[in-house]
Amino acid sequence: MTLLQILAASGAAVAVLAASTLLLPRQVHVERQALIDADARAVLALAASGEGYQRFNPYRFTDPDLSITLFGPASGVGSGFHFTGKDGKGSQTVAAVTGDAVHYQIDLGPMGKPLQTIRAEPKDGGAHVTWSMQADMGFNPIGRVMGLFMDRMVGPTFERGLANLQTAA
């Protein structure tokens, strides 16, 4: 086998491997739920405020050097914060507030723009809270592979946030 044949075979193998990542899911969904001993409205009030969110922000408790800069209104659509920490930098903005949920637009720059939702519904004298994230991994082969591990990477963070919310609300 000549060097040219080896290079051609290697290039073909890389092309097949890259193309095969397009068979992986493009959409990623991560979700965690908990029953919180708090009023659902109080949970949503915290979640709809950039400052209120900091009372249960799971990253604040794991990254002592996390820098948070609030922006926008105190609460509601447009309320949010910029962050810089060991896990990266970006922003989180309240995109919509409905009767039982707060929806966020997250901007992680080149790492993507996932959508996040905190839903709180009255249940058994407390609130049934669902924290979820939707991400479009696009056509990026590395993003598609990362999507396979997203639940294991983000899920524990949501669990920490729900535990923090229990205390904050």
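Here are the numbers:
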{"quantity": "Test: residue in segment 57-70 that is in a loop (DSSP other than H, G, I, E, B) and among the β-branched types (Val, Ile, Thr)", "calculated": "yes"}
{"quantity": "Residue match in segment 82-90 (condition: part of a loop (DSSP other than H, G, I, E, B), open to solvent by less than 80 Å² (accessible area, probe 1.4 Å) and in contact with a helix residue (DSSP H, G or I) (Cβ under 9 Å, 6 or more places away or on another chain))", "calculated": "no"}
{"quantity": "Qualifying positions in segment 48-72 - aliphatic (A, V, I, L, M), under 18 Å from Thr157 (Cα atoms) and open to solvent by less than 40 Å² (accessible area, probe 1.4 Å)", "calculated": "Leu66"}
{"quantity": "Residue match in segment 52-65 (condition: among the aromatic types (Phe, Trp, Tyr) and farther than 30 Å from Leu148 by Cβ)", "calculated": "no"}
{"quantity": "Any pair with Cβ under 9 angstrom, 6 or more apart, that starts in segment 54-77 at a residue that is under 18 Å from Arg160 (Cα atoms) and of a type in the set (Val, Ile, Thr) and ends at one that is in a loop (DSSP other than H, G, I, E, B) and open to solvent by 80 Å² or more (accessible area, probe 1.4 Å)", "calculated": "Thr62/Lys86; Thr62/Asp87"}
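Listed here are the residues, each with its yes/no results for (1) hydrophobic (A, V, I, L, M, F, W, C); (2) in contact with a His (Cβ under 9 Å, 6 or more places away or on another chain); (3) within 19 Å of Pro156 (Cα to Cα).
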position	(1), (2), (3)
Val77	yes, no, no
Phe81	yes, no, no
Asp87	no, no, yes
Ala96	yes, yes, no
Pro110	no, no, no
Lys113	no, no, no
Arg119	no, yes, yes
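Yes/no matrix, rows are residues, columns are (1) hydrophobic (A, V, I, L, M, F, W, C); (2) in contact with a Phe, Trp or Tyr (Cβ under 6 Å, 6 or more places away or on another chain); (3) modelled with pLDDT under 95:
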| site | (1), (2), (3) |
| --- | --- |
| Arg55 | no, no, no |
| Thr62 | no, no, yes |
| Ser75 | no, no, no |
| Phe81 | yes, no, no |
| Ala101 | yes, no, no |
| Gln105 | no, no, no |
| Ala120 | yes, no, no |
| Gly125 | no, no, yes |
| Gly138 | no, no, yes |
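The values are calculated or read from the model by the stated rules, or taken from the named source; none is laboratory data. Only a predicted model underlies this, so the values are computations on that prediction, with no experimental measurement involved. When we count neighbours, we look across all protein chains shown, and the Cβ atoms used for this are built from the backbone with ideal geometry, even at glycine. In case anyone asks, the SASA skips ligands and DNA or RNA and just uses the protein heavy atoms, side chains included. Shrake-Rupley method; radii C 1.70, N 1.55, O 1.52, S 1.80 Å.
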